[in-house]
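Trainee: What follows is a structure written as structure tokens; I'll ask about it next.
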Amino acid sequence: ARMQLGRLMVLLNRREEGREILIDFVGDFPSNVKARMLLADLLMTRAPPDPYGALEQYEAVLKTNSENLQAREGAAASRLRLGDFERAAEEMGELLAATSGKSHLAFLLGAAQHWQKNYPAAIEAYRNAIDATPLGAEASQRIKWNLRLAHLAQHGLYPGDLPEKYRIILTDLGKASPVTFNDVATDAGVAKLDRGRGNAWGDFDGDGDLDLFSVGIQVEHSLYRNEMGDQFTDVALEA
């Protein structure tokens, strides 16, 4: 019940409470593999991550079962984040041989080789990761970007002789866009020129429509009250 309560806290985004429950639980039941794995995953995904703490949990699991693939993957990923690139690459390579080519493992292997400036090995790993990634998956663009960096570092040019499958395909910027925009900022009362640090929408006056707050840099902040849906008045000083 305590372990499930910790898991539930994580699912409810009460992650620090969940972490404390799981830490206490693991202290009382150090042989519970599921709890250690749950705690390790939580430590690796918190902000900021705690790869030292996660690695401690993964290694404790591996002491009792050295063939636990999930713990081996977690330990290798922790070492990569800690900068132990050589050992991370070695472990990722062994895991890939044992698991028939997982995409995320190949990507992490590429990253470990990339950090060691072993660009040919990084390029090979990134290509393997792309081969194992479903066509059109969002992750493929991230892998292709890293492959681009490794290819540039190795060959000094891009894409060179890299097959099209592994290239980042850019939109032809010479084509006319089917989307057009009209600048109505002046008419709407929001013609503020700034460096674009950030904006937020919210109904600050509770009248049922969205108002706009615009952060200023070297100019004042603005709080635009929504008057009629398409008209705004800056009421920052008044507010």
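Trainee: Go through the stretch 205-236 residue by residue and tally those that are charged (D, E, K, R), open to solvent by less than 30 Å² (accessible area, probe 1.4 Å) and touching a residue at least 24 places away in the same chain (Cβ under 8 Å).
Mentor: Keep residues of the stretch 205-236 that are charged (D, E, K, R), which gives 205, 207, 209, 211, 220, 225, 227, 230, 234.
Subsequent filtering for residues that are open to solvent by less than 30 Å² (accessible area, probe 1.4 Å) retains 211.
Retained after the next criterion (residues that are touching a residue at least 24 places away in the same chain (Cβ under 8 Å)): none.
Qualifying residue count for the region: 0.
Trainee: What are the residues in the stretch 66-84 that are part of a helix (DSSP H, G or I) and surrounded by fewer than 19 Cβ atoms within 10 Å (Cβ to Cβ), if any?
Mentor: Quick first cut of the stretch 66-84, residues part of a helix (DSSP H, G or I) only: 69-82.
Once the filter is applied, which keeps residues that are part of a helix (DSSP H, G or I) and surrounded by fewer than 19 Cβ atoms within 10 Å (Cβ to Cβ), the stretch 66-84 yields 69, 70, 81, 82.
Trainee: In the stretch 87-131, how many are basic (Lys, Arg) and part of a helix (DSSP H, G or I)? Can you show your working first?
Mentor: So the first thing to find is which residues in the stretch 87-131 are basic (Lys, Arg), and the list is 87, 102, 117, 127.
After this cut, where a residue has to be part of a helix (DSSP H, G or I) as well, the list is 87, 127.
Here the count works out to 2.
Trainee: Looking only at the stretch 146-166, count how many residues are assigned to a loop (DSSP other than H, G, I, E, B), surrounded by 11 or more Cβ atoms within 10 Å (Cβ to Cβ) and out of contact with any Lys or Arg (no Cβ under 9 Å at 6 or more places or on another chain). Full working, then the answer.
Mentor: Let us first name the residues in the stretch 146-166 that are assigned to a loop (DSSP other than H, G, I, E, B), namely 156-163.
Okay, now just the ones that are also surrounded by 11 or more Cβ atoms within 10 Å (Cβ to Cβ), so 158-160, 162.
Next, only the ones that are out of contact with any Lys or Arg (no Cβ under 9 Å at 6 or more places or on another chain) stay: 160.
Number satisfying all stated conditions: 1.
Trainee: Looking at (1) at pLDDT 90 or above; (2) surrounded by fewer than 16 Cβ atoms within 10 Å (Cβ to Cβ); (3) more than 23 Å from residue 62 (Cβ to Cβ), which is the only condition residue 138 fails?
Mentor: (1)
Trainee: Quick one: count up the residues across the stretch 189-199 that are of a type outside the set (D, E, K, R) and surrounded by 12 or more Cβ atoms within 10 Å (Cβ to Cβ). I'd like the intermediate steps shown before the answer.
Mentor: Looking only at the stretch 189-199, we keep the residues that are of a type outside the set (D, E, K, R), and these are 189-191, 193, 196, 198-199.
Okay, now just the ones that are also surrounded by 12 or more Cβ atoms within 10 Å (Cβ to Cβ), so 189-190, 199.
Here the count works out to 3.
Trainee: Can you tell me which residue among 78, 100 is in contact with a Phe, Trp or Tyr (Cβ under 8 Å, 6 or more places away or on another chain) and of a type in the set (S, T, N, Q)? Step through it out loud before you land on a result.
Mentor: On the way: 100 fails: in contact with a Phe, Trp or Tyr (Cβ under 8 Å, 6 or more places away or on another chain).
Going through 78, 100 in turn, just one is in contact with a Phe, Trp or Tyr (Cβ under 8 Å, 6 or more places away or on another chain) and of a type in the set (S, T, N, Q): 78.
Trainee: I'm checking my understanding of the structure. Among residues of the stretch 5-30 that are part of a loop (DSSP other than H, G, I, E, B) and not basic (Lys, Arg), which one is least open to solvent (accessible area, probe 1.4 Å)? Can you show your working first?
Mentor: Let us first name the residues in the stretch 5-30 that are part of a loop (DSSP other than H, G, I, E, B), namely 12-14, 29-30.
Within this subset, residues satisfying the condition of being not basic (Lys, Arg) are 12-13, 29-30.
Working: 12: 100, 13: 118, 29: 102, 30: 73 Å².
Taking the candidates together, the pick is 30.
Trainee: Of the numbered conditions (1) over 18 Å from residue 154 (Cβ atoms); (2) open to solvent by less than 30 Å² (accessible area, probe 1.4 Å), residue 94 fails exactly one; give the number of that condition.
Mentor: Unmet condition: (2).
Trainee: Mind counting the residues in the stretch 37-65 that are in a helix (DSSP H, G or I), charged (D, E, K, R) and closer than 18 Å to residue 8 by Cβ? Steps first, answer last, please.
Mentor: Taking the stretch 37-65 and keeping what is in a helix (DSSP H, G or I), we get 37-45, 51-64.
So of that shortlist, the ones also charged (D, E, K, R) come out as 41, 56, 59, 63.
Filter once more, keeping what is closer than 18 Å to residue 8 by Cβ: 41.
Number satisfying all stated conditions: 1.
Trainee: Are any residues in the stretch 167-188 open to solvent by less than 90 Å² (accessible area, probe 1.4 Å) and either among the basic types (Lys, Arg) or in contact with a Gly (Cβ under 9 Å, 6 or more places away or on another chain) (or both), and if so, which ones?
Mentor: Scanning the stretch 167-188 gives a single hit, 167.
The values are calculated or read from the model by the stated rules, or taken from the named source; none is laboratory data. Keep in mind that what you see is a predicted model, and the values were worked out from it rather than measured. Methodologically, a virtual Cβ is constructed for each residue, glycine included, from the backbone with ideal geometry; neighbour enumeration extends over all protein chains shown. Quick note on the areas: whole protein, heavy atoms, side chains included, nothing else; ligands and nucleic acids left out. Shrake-Rupley method; radii C 1.70, N 1.55, O 1.52, S 1.80 Å.
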